[in-house]
Amino acid sequence: MSASGGTKAIVAALAANLAIAVAKFVAFLFSGSSSMLAESVHSLADSGNQGLLLLGGRRARRAATPQHPFGYGRERYIYAFLVSIVLFSVGGMFAIYEGYEKIKHPHPIDHWYWPVGVLIFAIIVETLSFRTAIKESNQVRGSLSWKEFIRRSKAPELPVVLLEDLGALVGLFLALIGVSLALATGDGLWDGIGTLCIGVLLILIALVLAAETKSLLLGEAAGTDDLRRIEEALVDGDRVTRIIHMRTLHLGPEELLVAAKIAVPNDDTATEVAASINAAERRVRAACPIARVIYLEPDVYRDAEATAGPDPAATPGGSPPHP
């Protein structure tokens with residue numbers, strides 16, 4: 001699965017959220033709807049989140065330095081994690097606070113046509129943004145389900161935009177329901193309940209994003225397909241007879257570290273072993289282009305020691321573990 005950053009989807013979401021944020025805030029000023037205020041802050045927070053994703057992608061492209069020899073690819077994970085924090089605090093907690101205040105001190109909605117009109121406009125614009133995110137994601141998710149794509153994607157941008165857009169659409173419908181009930185009953189309590197539901201929704205989405213980006217920050221292994229290609233490329237059956245054990249780690253969405261202990265014939269000379277390692281590295285890079293950093297350690301495979309299992313400390317160990 002490609003680790004595309006989904007820049008087109010991010011820009012589309014940014015433009016949509018800025019336009020919607022302005023429209024919602026104008027509707028709040030004319031109507032006094034707390035749902036509109038919560039939704040305007042939500043859209044403004046989403047706009048900042050897209051800015052964070054673009055900034056993270058830009059900073060991740062910096063060249064490696066002596067202090068950071070593996071580069072800055074993980075900056076994309078850091079900024080995606082910041083998005084979850086902003087969504088939780090600025091979006092979710094603010095909406096819950098506004099909903100609580102409106103439930104505690106309800107008042108009717110003035111100039112109903114402002115919030116209703118803006119919500120309909122926002123639903124149309126947000127749907128277009130969501131469609132762009134879906135289209136961009138379909139180019140890289142392959143046969144994965146949407147749940148698997150969000151959980152397995154090594155590039156955080158598209159899952160973040162997808163969940164944000166989905167949350168925004170659901171939140172808009174919740175706001176529309178709350179405003180409609182408040183107008184139908186003349187009781188502003190429903191507007192507060194709608195706002196409260198929006199806050200709970202945003203917090204749930206923020207928690208999902210935080211969990212997924214935390215996993216990426218801790219360091220995830222190569223995906224199943226990449227791992228299979230690397231294993232097949234390493235062993236040629238002649239100079240490299242098997243993998244004793246192997247570990248992989250994403251240094252960023254598009255950069256993979258591969259460290260493996262490989263079995264070579266016990267009568268090879270040092271020159272032959274070096275040639276075997278160089279050839280194996282070329283095969284791996286051809287089979288899996290994102291395998292940028294490769295460390296191979298040659299060893300002689302022994303059946304007696306292999307019974308110790310795949311633990312690298314029990315060298316040489318057995319077959320490589322799978323994620």
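Any read-out appearing in this document is the output of simple, stated calculations on the displayed coordinates, not a laboratory observation. Everything quoted here is computed from the prediction, not taken from an experiment. Cβ coordinates were reconstructed from backbone atoms using ideal geometry, including for glycine residues, and neighbour counts include every protein chain displayed.
In whole percents, the pair-distance distribution calculated for the stretch 143-253 from its alpha-carbon pairs, binned every 10 Å from zero, is 12, 28, 21, 17, 10, 6, 4, 1, 0.
The dipole here belongs to the chain: it is taken about the Cα centre, uses +1 on the Cβ of Lys and Arg and -1 on the Cβ of Asp and Glu, and is about 520 debye. Per-residue packing, averaged as other Cβ atoms within 10 Å, sorts the ranges 121-132, 144-155 into the order 121-132, 144-155, beginning with the highest. Between residue 148 and residue 173, the distance separating the two model label sites (each 7 Å from Cα on the Cα→Cβ line) works out to 2.6 nm.
Ordering 224, 94, 32 by Cα displacement along the dipole of the chain toward the positive end leaves 32 in first place; charges were set at the Cβ atoms of Lys, Arg (+1) and Asp, Glu (-1). Between the stretch 1-54 and the stretch 66-106, the alpha-carbon centres lie 13 Å apart. The alpha-carbon positions of the stretch 161-215 define a convex hull whose volume is 43 Å³ per residue. Hydrophobic, long helices, defined as DSSP H runs whose alpha-carbon span along the helix axis is 30 Å or greater and whose mean Kyte-Doolittle value is at least 0.5, occur in the chain at 7-31, 113-141, 157-185, 189-218. Between the stretch 242-268 and the stretch 168-235, what is the C-alpha centre distance in whole Å? So the separation of the two Cα centres works out to 36 Å. Pick from 143, 84, 43: which residue has the top mean-square fluctuation in a GNM of the chain where Cα pairs under 10 Å get a spring? Of 143, 84, 43, the most mobile in the Gaussian network model is 143.
Prolate is the label for the stretch 1-140. Its Cα gyration tensor axes, ordered a ≥ b ≥ c, give a/c of at least 1.5 and a/b above b/c. Full extension of the chain between residue 293 and residue 11 gives 98.4 nm of extra length, using 0.36 nm per residue less the Cα-Cα distance. Each label point was placed 7 Å from the Cα along the Cα-to-Cβ direction; for residue 110 and residue 200 their separation is 3.1 nm. Which of the listed residues, 195, 235, 215, is farthest toward the dipole's positive end in the stretch 194-242, when Lys, Arg count +1 and Asp, Glu count -1 at the beta-carbon? The Cα lying farthest towards the positive end belongs to 195.
With Rh defined as the Kirkwood radius, the inverse of the mean 1/r over Cα pairs, the Rg/Rh of the stretch 1-76 is 1.21.
Here the calculated FRET efficiency for residue 236 and residue 64, from their Cβ-Cβ distance with R0 = 35 Å, stands at 0.70, rounded to the nearest 0.05. Loop-located GluC sites (Glu not before Pro) in the stretch 221-260 (DSSP state other than H, G, I, E, B) with a sparse environment of at most 15 neighbouring Cβ atoms within 10 Å are absent. Seen through its C-alpha gyration tensor, with square-root eigenvalues sorted a ≥ b ≥ c, the chain comes out prolate because a/c lies at 1.5 or above while a/b is bigger than b/c.
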